[in-house]
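Visitor: Questions regarding the structure given below will be posed in turn.
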Amino acid sequence: MAPITDTVAVAPPANRTGAHPAWVGLRRLLAHPAGLVAFIVVLGLVACALFAPWIAPYDPVKIAPRIRFQGPSWEHWLGTDQLGRDVLSRVIYGTGVALKVALSGTLAALLIGATLGIVGGLSRGSVDGALLLLCDAMRSLPLILFALAIVAIYGPSLATLIAIIAFSMAPGYFRVVRNQVLVLRSMDFVAASQSMGASLPRIALTHLVPNLLGPIIVLIAMDIPAVIGIESGLSFLGQGIQPPDPSWGSMLSDGYSFIRQAPHLAIAAGLPVIVSTVAFTFLGEALRDVLDPKSSRGRG
Amino acid sequence: MTAIVDLRDVSITYAGAHGPVPAVRGVTLALERGRILGLVGESGSGKSSLVSAMLALLPKSASVQGRIVLDGRDLYSLGEHERRALRGREMATVSQDPFTALNPVVRIGTQLVEFQHALPNLTKPEKLRRAGAMLERVGIADPATRLNQYPHQLSGGLRQRVAIAGALLVSPKLLIADEPTTALDATTEMEVIELIRDMRGEVDGSIVLVTHDMGVVGRLCDDVAVLYAGELVESGPVDDVLNRPRHPYTRALLACDPARIDTPSRHLPTVPGTVPSPTALPAGCIFAARCQDVMALCHEVKPLLSAAGASRVACLRVSAP
Amino acid sequence: MTALLEVNDLVVRYPTGSLFGRLRGEVREVTVLDGVSLTLDQGETLGLVGESGSGKTTLGRAIGGMTPMAAGSITLAGISATGRQDVFWREMRRQVGFMFQDPMAALDPRMRLAASITEPLAVNGIGRTERRRRAGDLLAEVGLSPDFAERFPHQISGGQARRVTVARALSLRPRLVIADEPTAGLDLSVQGELLNLLNAIQAASSVSFLFITHNLAVARHVTDRVAVMYLGRIVESARTADIFARPGHPYTRALLSAHGAPGATPRLTGEIPSLKRRPQGCEFHTRCPLATDRCRSEPPAEHLIGPQHQVRCHFPLAPAGKASPQVPPAHPEPARSQP
């Protein structure tokens, strides 16, 4: 068919770069003031985790009884602990442990939660009802008691820790994803897709997942600090990462025991917990702004 | 006649990402006591900005030039505190959506009492009594029951009646009704129009009806002001503007209204072209690019509002034929 | 000539009630459409008018296969469905394009317009390069320049979004387009452009339109026939000129007068009753100024009061001799002799 009517006058479109959306998103994240700082800090944390053996000045588990409880000095920037180990090296190695637990725990939780959330949201009916009931039951468990019980049965280890985190965080992801799916499936563009005869998997892939991605990424960034907190908390109670492996929580616990002799121990272990928590939270907030498609309006 | 609201050369400029956006430019308009003014314009005409300016409710990114005088007081020379006091006592609004205008978890009676917060020397029971009496006057049967109900227990039309009652409780000098019938069904719309007409005596000032519906204007208003792309192009008594439109835009707009075309036709009139962006305004007449009667002069000289009969029109064909 | 679309005694029910109610196996339903029948010829435009809650949108969605039907049948181009028959619906969806009421909500905010427009093609397995080419053609067809293809929905205006949904509805070259309030929220000047576009498309391709609207002024210009809905039933249907000149149902007359010139008298009292509490007898009796005891007890049958002019009323207005075609006739005196 030939063009029928007059062509509408067109203003130059707002975003004409044609760049990949992820690249555009990253550029906008770096233009966000809090996002830039948070992104650099998170990048630094990841670098610490990946390159700990090269960055750390000493072996984190090497005991040196002669230099116990030393304060910060040129040889040991953050001093040494009750066994003479270099605190800075332990903090750097601890980053790896913290991020490993946080990332694998959150991703496992996301995988379980999001899958069940999409299933529940799409199926509705009794499947959804049963999942909802299960999720609410799990959320009502007191987290630390639940964790201690699991540790008591399976023994403290990295795997146990990740499993605990996955199972305790999954219901949250389930809730968010399911509710989002319910909202999305009531939207006309999903109805439109259905009216074209699109199958459920197709709708899930083309419409649900892209629209879920933003909220989920934000949620992960917001949850990572909480997970770091859980790991630190359990290690502080002696139920998480076991000595001599360095962990911020167990270091905090040690520092707490010697707070009168060597206050720098508690400070050195607490600071990375605070910094990483704040950085991930800010990153989440910045991502929330950046990932809103409408926020690109009027930008170059 | 005395003007309740006097807009003198009012311009509203928003601070945009790429420089200032002059959304409204040089609007001079007087609202007279006891009359209903229809403020008509399509999207981008600046009618919402103008109304927000009258209520002193513009966002921080907007600045107002010119003067808006409410019953003798210059709105923008008052302090924020005094402006807020005016909003509660002398101005009232009825919004487009009766579903969001009322708080869903608060009883009607409580909300109607709260509407009267600016009225001094009245006790709560007195305010509740006034609320009940007002519900009765806006034609709500059994007001005692309604006062105890929540908004969701009322239909859309009833909710709009409650919103109108709430606006009238303070006997405002300026009542702004922003598309009050758009969300309502045709049969309910007529009832609400009749209600506003019946209740105009309760307003000790004037009513501004913001709408895009020429039918509603014809049935309810005394005067009309037509805005186009942020400028006032024509204003005057309803009968003159709707039946003898002088500005080419008013004529074109009225010609587009399917309700005004007597013979059914598959091909409907349109206004070719698009509204100019406020950041790329033409040098001459704002409507020149879309005008059927355009002259060479129109692209260079900006027409000023000038009297034509009982109306004022901004068109070179009218002012300098 | 056989009709392109034939709907017979269509019933649609929605489940209501809480999660716990459903777990206990309670089935509570609301009948949204109650025995709707209509026909639509190739190249014809049928207007579906009524107030909110009349069921006109549900009827459109049921015909578009988005709402399961509880009873009745839909026949499109000779193929019928009486329930959930997949073969029928697959063919059906290829023949029917749908325009949603809110064009912005009907476009995925994270999808470029080209992808949205050609989604029906993708669902039907048409490849990427072919889709890209067709997207350009479709944009041109609805009067949008090719650079719209790469934009996102939030970068376009409401009127342009309408055109995009028109393009999507046309992408599979359907024989029927269901347009749900296609002009809602549009400025008067833009409304005319869109209606002219739809008309030009129809003239070029003889597609049929089911035009759902509450705007009678628009319906008068762009439809061939009009069906008036009230509480999930068609209460009157006729050729457009006839229904405006000689409305047979009291509800139609009230609607026309609400739209028409001032001074028209019939007043409807109250509002549309809830579907959960459907009135006995004639559904309109609670608001009808002419209701009798018979109306309150006995549901009216359909009467033919003129060629193609059907009215569901015990006392349809007898066809007036000559009424002016544009102005709805004044309401007759309520005191009418009963047949």
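The values are calculated or read from the model by the stated rules, or taken from the named source; none is laboratory data. If you're wondering where the values come from, they're calculated on a predicted model, not measured in any experiment. For neighbour counting, all protein chains shown are included, and Cβ atoms are generated from backbone atoms with ideal geometry for every residue, glycine included. Each accessible area value is taken on the protein alone, full model and side chains, heavy atoms only, with ligands, DNA and RNA left out. Shrake-Rupley method; radii C 1.70, N 1.55, O 1.52, S 1.80 Å.
Visitor: How much FRET efficiency would the formula 1/(1 + (r/R0)^6) give for A:Met222 and A:Lys100, where r is the Cβ-Cβ distance and R0 is 25 Å, rounded to 0.05?
Guide: The formula returns an efficiency of 0.85 here.
Visitor: Near the amide H of C:Val32, under 5 Å away, which other amide H atoms are found, from residues 5 or more places off or on another chain, if H is placed in the peptide plane?
Guide: Result for C:Val32 returns C:Val12, C:Arg13, C:Tyr14.
Visitor: Right, something else. What spacing in nm lies between the two simple spin-label points modelled at B:Thr100 and A:Ala137, each 7 Å away from Cα in the Cβ direction?
Guide: It works out to 4.1 nm between the two label points.
Visitor: Between B:Arg137 and B:Arg107, what FRET efficiency comes out of the Förster formula 1/(1 + (r/R0)^6) with R0 = 30 Å and r the beta carbon distance, rounded to 0.05?
Guide: Computed FRET efficiency for B:Arg107 and B:Arg137 comes out at 0.95.
Visitor: If you stretched the chain out fully between B:Ala118 and B:Ala296, how much longer would it get, using 0.36 nm times the residue separation minus the C-alpha to C-alpha distance?
Guide: Working: separation 178, 0.36 × 178 = 64.08 nm, distance 5.50 nm.
The span from B:Ala118 to B:Ala296 would gain 58.6 nm if fully extended.
Visitor: Continuing with the same structure: Take every DSSP beta bridge with both residues inside chain C and express the antiparallel ones as a percent of the total, to the nearest 5.
Guide: Around 60 percent of the beta bridges assigned by DSSP in chain C are antiparallel ones.
Visitor: Under the 0.36 nm per residue contour assumption, what length would be gained going from the current alpha-carbon distance of A:Phe69 and A:Arg202 to full extension? Numbers along the way, then the final one.
Guide: Working: separation 133, 0.36 × 133 = 47.88 nm, distance 6.14 nm.
Extending this stretch completely gives an extra 41.7 nm.
Visitor: Go ahead and estimate [θ] at 222 nm for chain B from helices alone: -39,500 (n - 2.57) per DSSP H run with n ≥ 4, summed, over the residue count, rounded to 500.
Guide: Values: 11 runs with 98 residues, N = 321.
Value at 222 nm, helices only: -8500 deg cm²/dmol.
Visitor: Let me ask something additional. Helix B:124-137 against the longest principal axis of chain B: what's the angle in degrees, Cα atoms only, rounded to the nearest 10?
Guide: The angle comes out near 60 degrees.
Visitor: Cα convex hull of segment C:227-312: how many Å³ per residue?
Guide: Taking only Cα atoms, segment C:227-312 has a hull volume of 94 Å³ per residue.
Visitor: A follow-up question, please. Between exposed chymotrypsin sites (Phe, Trp or Tyr not before Pro) in chain A, where DSSP calls loop and at most 13 other Cβ atoms lie within 10 Å, what's the longest gap?
Guide: No qualifying site falls inside A:75-300, the longest such stretch.
Visitor: Among all cysteines in chain C, which have no other cysteine Cβ under 4.7 Å from their own Cβ?
Guide: When partners are defined as cysteine Cβ atoms under 4.7 Å apart, chain C leaves C:Cys288, C:Cys313 without one.
Visitor: Now a separate question. Taking only Cα atoms, what is the 0 to 90° angle, nearest 10, from helix C:86-95's long axis to the longest principal axis of chain C?
Guide: 80
Visitor: Can you tell me the orientation of helix A:21-31 relative to chain A, as the angle in degrees between its alpha-carbon axis and the longest Cα principal axis, to the nearest 10?
Guide: The helix A:21-31 is inclined about 50 degrees to chain A.
Visitor: Another question, then. How big is the Kirkwood radius of chain A, worked out from every pair of different alpha carbons and given in Å to one decimal?
Guide: Hydrodynamic radius (Kirkwood, Cα only) of chain A equals 22.0 Å.
Visitor: Can you run the Rg to Rh ratio on chain B? Use alpha carbon positions and the Kirkwood inverse-distance Rh.
Guide: That ratio is 0.99, to two decimals.
Visitor: Using just the helices of chain A, give the 222 nm mean residue ellipticity in deg cm²/dmol: DSSP H runs with n ≥ 4 each add -39,500 (n - 2.57), and the total is spread over all residues, rounded to 500.
Guide: Mean residue ellipticity at 222 nm (helix-derived): -23000 deg cm²/dmol.
Visitor: In Å², what does the accessible area per residue of the protein assembly as shown work out to with a 1.4 Å probe?
Guide: Spelled out: the 1.4 Å probe surface of the protein assembly as shown, per residue, equals 44 Å².
Visitor: What FRET efficiency would be calculated for the residue pair A:Val37, A:Leu237, taking the C-beta separation as r and a Förster radius of 22 Å, to the nearest 0.05? Can you show the working numbers first?
Guide: Values: r = 32 Å, r/R0 = 1.47.
Using R0 = 22 Å, I get an efficiency of 0.10.
Visitor: Quick one: which residues, 5+ away or cross-chain, put their amide H under 5 Å from the amide H of C:Ser37? H built at 1.01 Å from N.
Guide: Those lying under 5 Å, H to H, from C:Ser37 are C:Asp9, C:Leu10, C:Ile234.
Visitor: Would you tally the net charge around B:Val208, using a Cβ to Cβ cut-off of less than 11 Å, leaving B:Val208 out, and scoring K and R as +1, D and E as -1?
Guide: My count for the surroundings of B:Val208 gives 0.
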